[in-house]
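Values in this text are rule-based calculations from the coordinates and carry no lab data. Since this is a predicted model, take the numbers as computed values, not measurements. Positions of Cβ are generated from backbone atoms using ideal geometry, with glycine treated the same way; all protein chains shown enter the neighbour counts.
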Amino acid sequence: MNLNFSGRFAPFLYILFFFAGFLCACLLFNPQDYLADLAPTITAVAAIALVWLAYLFAAAHIKAKTAWLQREKQIQQEAVQPVVHTALQLSETQPEMLVFKLYNNGKGLAQNLRFQIAIAEDHAAGEAVAEAVARLPFFSEGLDKLAAGETLDGIFADRHTLLARLPEHRFDGLMKLVTECEDVLGNTVRTETFIDLSPLNAAVAEKPRKKLLY
């Protein structure tokens, strides 16, 4: 702000120095002709200076108020902004089933959620997973709302069934899940989650059964 103020005030200083030098030269070389008009001239210069200072003060005030309003708007948006992320993982209760997980880590409600999947061309694992995930009702049809801190998940495929369709019988590569939603103010919020498919190859370790002693 100080640099901006100096930049605005510099042209006035140049003009003021010019008039001051001009008046000094006139008073030095022809004092009798200019002493009679000295008071009106100084008054005019002072009036111009006051007008310029008033303009600078008004401009600085408007800029400060605009910055304050922008900060208030940013704080308001952060207070209601949802942050929606997605994940693909193995089910804890059914180790061979794959789960699509959706969670809102933001501070506000997410509304009108829509999902998209981006995968590389000729990526068999990504295509198989994307096709299976797209069959989930809330993924294909969208979701009306997801509250802050809320988690939603759904089983979308059997791991062995998908592996049997893959040429190398393993998951690999990355896929991008894009989520678009609206906050309570109607602003569009977009999040992207990059998911590594390789962890889906590992089966969930089953708890060892207790041995019965007879």
Among the GluC sites (Glu not before Pro) within region 96-177, which fall in a DSSP loop and have no more than 10 other Cβ atoms within 10 Å of their own Cβ?
-> GLU121, GLU141, GLU168
Computed FRET value (nearest 0.05) for VAL51 with CYS24, which takes r as the C-beta separation and R₀ as 22 Å | 0.40
Non-local residues with an amide H under 5 Å from the amide H of ALA157, with H modelled 1.01 Å from N and Pro and chain starts lacking one, are LEU98
Can you list the trypsin sites (Lys or Arg not before Pro) in region 103-177 that are in a DSSP coil and have 13 or fewer other beta carbons within 10 angstrom?
-> ARG135, ARG170
Can you tell me the FRET efficiency between THR161 and GLU141 if r is taken as the Cβ-Cβ distance and R0 is 35 Å, rounded to the nearest 0.05?
-> 0.90
Between SER198 and SER91, what FRET efficiency comes out of the Förster formula 1/(1 + (r/R0)^6) with R0 = 25 Å and r the beta carbon distance, rounded to 0.05?
-> 0.90
Give the shape of region 80-201 as rounded, prolate or oblate, defined through the alpha-carbon gyration tensor: a ≥ b ≥ c are the square roots of its eigenvalues, a/c under 1.5 means rounded, and otherwise the shape is prolate if a/b is larger than b/c and oblate if not.
-> prolate
Report the full-extension gain for the segment THR188 to ALA58: residue separation times 0.36 nm, less the Cα-Cα distance, to one decimal in nm.
-> 43.3 nm
